[in-house]
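Participant: First the structure, then my questions, so here it is.
Just so it is clear, none of the values below were taken in a lab; they were calculated from the coordinates. Since the structure is predicted, the reported quantities are computational estimates derived from the model, not experimental observations. Please note: Cβ atoms are built from the backbone with ideal geometry, for glycine as well, and neighbour counts cover all protein chains shown.
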Amino acid sequence: MADFQIAPSILSADFAKLGEEVDNVIASGCDIVHFDVMDNHYVPNLTIGPLVCEALRKHGVTADIDVHLMVKPVDAIIPDFAKAGATYITFHPEASEHVDRSLQLIRGEGCKSGLVFNPATPLDVLEWVIDKVDMVLLMSVNPGFGGQSFIPATLEKLRQARKIIDASGRDIRLEIDGGVKVANIREIAEAGADTFVAGSGIFGGANDADPNRYNTIVGQFRDELAKVGG
Ligand code: DX5
Ligand code: ZN
């Protein structure tokens, strides 16, 4: 069975009690923390920066933190996120003048690196930098907001990305971001994803009767993943 990882996007968490929210999703069975950084320039929204990442580490979060940069330019903020405790740092190729250099910078700072592809962005650049990439992230919505619907063409793109990664023989995660719900996670996994960002799909499923608020919803995601290939 594939090593599936669920990555709740804290964009949909209650920011007034962020540390507690992150503790709860991890205690409910999620694997990594998806951290959406938006600059009101590359995308039309403004969110959180390195100080918040550092605060989560100081709060005691030990899970991997998957920093998704939706900022332009990207290079200046990479060392800041490395110091703040990021595990992965991913960025959009359109947002960097020198994609190869930005990838090297991320690894040079001791983090895992990744490229993010918007729905209309072809996978071409991956071919030339695949040796410098630890994660490929396909956007299944246009970046900027939580709660949008999954764009179905992304399933075919996932199949293509899965072929490219497998042919490379490299250890690269294939992550999907946008509109992931209990109802579609199985077909997304069957198309080749192994890492699943879910914001509204998880935080919207809070249940105060659960020991950690999210046990039921995360359990439903896991049950669907257990059916993959069956
Ligand atoms: C969108 C962000 C996503 C977002 C996903 O730009 O990159 O991570 O939080 O939210 P949902 O899962 O609600 O589509
Ligand atoms: Zn994201």
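Participant: Work the Kirkwood hydrodynamic radius out for segment 100-230: mean of 1/r over every pair of different alpha-carbon atoms, inverted, in Å.
Facilitator: 15.7 Å
Participant: While we're here: Could you tell me which residue out of VAL52, SER149, PHE15 lies farthest along the dipole of the chain toward its positive end? Charges go on the beta carbon: Lys and Arg +1, Asp and Glu -1, centred on the Cα centre.
Facilitator: It is SER149, whose Cα lies furthest towards the positive end.
Participant: How big is the dipole moment of the chain about its Cα centre under a simple scheme where the beta carbon of each Lys and Arg is +1, that of each Asp and Glu is -1, and everything else is neutral? Debye, nearest 20, please.
Facilitator: Dipole about the Cα centre, nearest 20: 120 debye.
Participant: Sticking to Cα atoms, compute the Rg of the chain to one decimal and its Dmax as the biggest Cα-Cα distance, whole number, in Å.
Facilitator: 16.4, 50
Participant: Still on this structure, please answer the following. Suppose R0 equals 30 Å; then what is the FRET efficiency for ALA27 and GLU190 from their Cβ-Cβ distance, rounded to the nearest 0.05?
Facilitator: Using R0 = 30 Å, I get an efficiency of 0.60.
Participant: Could you size up the charge dipole of segment 1-87 around its Cα centre, putting +1 on the beta carbon of Lys and Arg and -1 on that of Asp and Glu, and report it in debye to the nearest 20?
Facilitator: 200 debye
Participant: Do the sum for the chain: with -39,500 (n - 2.57) for every DSSP H run of n ≥ 4, divided by all residues, what is the mean residue ellipticity at 222 nm, to the nearest 500 deg cm²/dmol?
Facilitator: Helices in the chain give a 222 nm mean residue ellipticity of -9500 deg cm²/dmol.
Participant: Right, next: Label-point separation (nm) for ASN118 and LYS72, each offset 7 Å from Cα along Cα-to-Cβ?
Facilitator: According to this spin-label approximation, the distance is 0.7 nm.
Participant: Another question, if that's okay. Give, as a single signed number, the net charge of other residues whose beta carbon lies under 15 Å from the beta carbon of VAL116, with Lys and Arg counted +1 and Asp and Glu -1.
Facilitator: That works out to -3.
Participant: So, one more: Treat each spin label as a single point 7 Å out from the Cα along the C-beta direction, and report the ARG101 to ASP131 distance in nm.
Facilitator: If labels sit at ARG101 and ASP131, their model points lie 2.0 nm apart.
Participant: Apply the Karplus parameterisation 6.51 cos²θ - 1.76 cosθ + 1.60, with θ equal to phi minus 60°, to every residue of segment 191-200 and state each ³J(HN,Hα) to the nearest whole Hz, in sequence, with x for glycine and proline.
Facilitator: 7, x, 6, 10, 9, 10, 7, 8, x, 4
Participant: What FRET efficiency comes out for the pair ASN207/VAL228, r = Cβ-Cβ distance, R0 = 22 Å, nearest 0.05?
Facilitator: 0.35
Participant: For segment 94-178, what is the charge dipole size about the Cα centre, in debye to the nearest 20, if Lys and Arg each add +1 at the Cβ and Asp and Glu each add -1 at the Cβ?
Facilitator: Computed charge dipole of segment 94-178: roughly 200 debye.
Participant: Hey, another quick one. Name all residues of segment 78-93 having a backbone nitrogen under 17 Å from the label point set 7 Å from the Cα of THR62 along its Cα→Cβ direction, giving them as ranges.
Facilitator: Output list for this probe position: 85-87.
Participant: Which distance in Å, rounded to a whole number, links the C-alpha centroids of segment 7-66 and segment 93-167?
Facilitator: Using only Cα atoms, the two centres lie 20 Å from each other.
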